[in-house]
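Remarks on the structure that follows.
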Amino acid sequence: MTRFAADAVASGLDGAIVIPHGMIVWSAVALGLFALALAWPVPVVLSRAAWPMRAPVIALLLWQAIGLAGGLSMIGALALAGYAAAPGRHLLALAPAAAFALYLLVHLAVTIVQVVRQRRRHLSLLDLLSSPHPTRARTRVLDDAVPVAYCLPRGAGSVTVLSQGLLDRLDADELVAVIAHERAHVEQRHDLLLLAFRAWRAALPWFPIAARAEAEVAALVEMLADDHARREVRDEVLARAILHVGAPGVAGAEVVVSGSTRVSDRFRRLAA
């Protein structure tokens, strides 16, 4: 390199911040450890804590923060590790982080498409297998003896589905409780809360914490809907109604809520 070229390079670096290679390595390690903490011990501790049943909204916000921070910190750790392994080769350095981010986004997009298709098929089947409720708008009745209640979120076209067996089994107050519970799922768009966690589980099916997080969020969503119903009926009425319903939850984003320890918490908080 000529002296003129060297002077030009030196002048171009004047005022630039040069980060030491060792700092990049340690930053990558720190972010990676933070991501691992959010991926394993932190969710386990949260899932075993007792306080979420008393503050489900805060617990839901915390689960979302854990998921978002965990994903971003892992992407950041991969980016820094790439820079440490291939300094000066920016495209190669960012490739692992970009691939992981793309992997997560693709699974989110696929999950959204799957849910939309499921709901469309479900609505088509409902038109064939159910009839409108005689007095309640946007409510369909299945001719089935099994007690079933669920909602099918679709914006302004959302539908609440009740089985004839449920209508025959519940008294008037219990029916009010069930409908208020399902209406809360629709009005508060709980399906959107569950969507990201369903995508996370689909992206990482081998990772047990992904399934645990989805089950925990699903159980907390049920508590939110219970709190909405508690404004209209007494707690003991709601508890009886829940016991009668054979398939609670948000259709199109179903989760085996029994995978969560919050199932008993749901009844314990009603009995408190």
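The values are calculated or read from the model by the stated rules, or taken from the named source; none is laboratory data. For clarity, every value in this text was computed on a predicted model and none was experimentally measured. Every residue, glycine among them, receives a Cβ derived from its backbone with ideal geometry; neighbour counts consider all protein chains shown. Heads up: the accessible areas ignore ligands, DNA and RNA and are worked out on the full protein's heavy atoms, side chains in. Shrake-Rupley method; radii C 1.70, N 1.55, O 1.52, S 1.80 Å.
With a Cα-only, solvent-free Debye model of segment 37-77, what are the log10 I(q)/I(0) values at q = 0.27, 0.34 Å⁻¹?
Here log10 of I(q) over I(0) equals -0.91, -1.14.
Which order, highest average first, do 145-155, 87-97, 227-237 follow once you tally other Cβ atoms within 10 Å for each residue and take the mean per peptide?
Ranking the peptides 145-155, 87-97, 227-237 by packing returns 145-155, 227-237, 87-97.
Suppose only helical runs count, i.e. DSSP H with n ≥ 4. What mean residue ellipticity at 222 nm does that imply for the chain under -39500 (n - 2.57) per run, divided by all residues and rounded to the nearest 500 deg cm²/dmol?
Helix contribution divided over all residues of the chain: -23000 deg cm²/dmol.
Can you compute the modelled spin-label distance between ALA95 and ARG138, with each label point 7 Å from Cα toward Cβ, in nm?
In this crude spin-label approximation the distance works out to 5.0 nm.
Amide H of VAL159 versus every other amide H placed in the peptide plane: which residues, excluding those fewer than 5 positions away on the same chain, fall under 5 Å?
Placed amide hydrogens put LEU152, ARG154 under 5 Å from VAL159.
Ignoring ligands, DNA and RNA, please state the percent of accessible area on the chain from carbon and sulfur, probe 1.4 Å.
On the chain, the fraction of accessible area on carbon and sulfur atoms equals 67 percent.
Taking the Cα centre as origin and putting +1 on Lys and Arg beta-carbons and -1 on Asp and Glu beta-carbons, what dipole magnitude results for the chain, to the nearest 20 debye?
About 320 debye.
Please work out how much length the chain gains when fully extended from VAL263 to ASP171, using 0.36 nm per residue of separation minus the C-alpha to C-alpha distance, in nm with one decimal.
Contour length minus Cα-Cα distance gives 30.7 nm.
Positive end of the charge dipole of the chain (Lys, Arg +1 and Asp, Glu -1 on Cβ, about the Cα centre): tell me which of VAL159, PRO132, GLY76 has its Cα farthest that way.
Most positive-ward Cα: GLY76.
Report the convex hull volume per residue for segment 108-179, counting only C-alpha atoms, in Å³.
Taking the convex hull of the Cα positions in segment 108-179, it is 99 Å³ per residue.
Just for segment 74-211, what percent of DSSP beta bridges are antiparallel, to the closest 5?
Bridges in segment 74-211 are about 60 percent antiparallel.
Just to be sure I understand: if I project the alpha-carbon convex hull of segment 28-106 onto a plane and average over all orientations, what area do I get in nm²?
If you wrap the Cα atoms of segment 28-106 in a convex hull and average its projections, you get 5.8 nm².
Quick check for you: with a 1.4 Å probe and neighbouring chains kept, what is the accessible area per residue of the chain, in Å²?
54 Å²
Accessible surface of ARG121 in the full protein assembly, 1.4 angstrom probe, to the nearest 10 Å²?
140 Å²
Taking the dipole about the Cα centre of the chain, with the C-beta of Lys and Arg at +1 and of Asp and Glu at -1, give me whichever of ILE112, ALA177, HIS122 is farthest to the positive side.
ILE112
Using only alpha carbon positions, build the gyration tensor of segment 43-182, then give the equivalent ellipsoid semi-axes as the square roots of 5 times its eigenvalues, largest first, whole angstrom.
Semi-axes, largest first: 46, 21, 10 Å.
Each label point is 7 Å from the Cα along the Cα-to-Cβ direction; what then is the distance between the points at VAL25 and ILE112, in nm?
That separation, rounded to one decimal, is 4.1 nm.
How much of the DSSP bridge set in the chain is antiparallel, in percent, rounded to the nearest 5?
55 percent
Where does the charge balance sit around ARG136 when Lys and Arg score +1, Asp and Glu -1, over other residues with C-beta under 14 Å from its C-beta?
Its environment carries a net charge of +2.
Once both labels are modelled 7 Å past Cα along the beta-carbon direction, what's the ALA49-GLN64 spacing in nm?
Rounded to a tenth, the inter-label distance reads 1.6 nm.
Hey, what do the phi angles of segment 187-201 turn into as Karplus ³J(HN,Hα) couplings, whole Hz, using 6.51/-1.76/1.60 and θ = phi - 60°, x for Gly and Pro?
5, 8, 6, 5, 4, 6, 4, 7, 4, 5, 6, 5, 5, 4, 5
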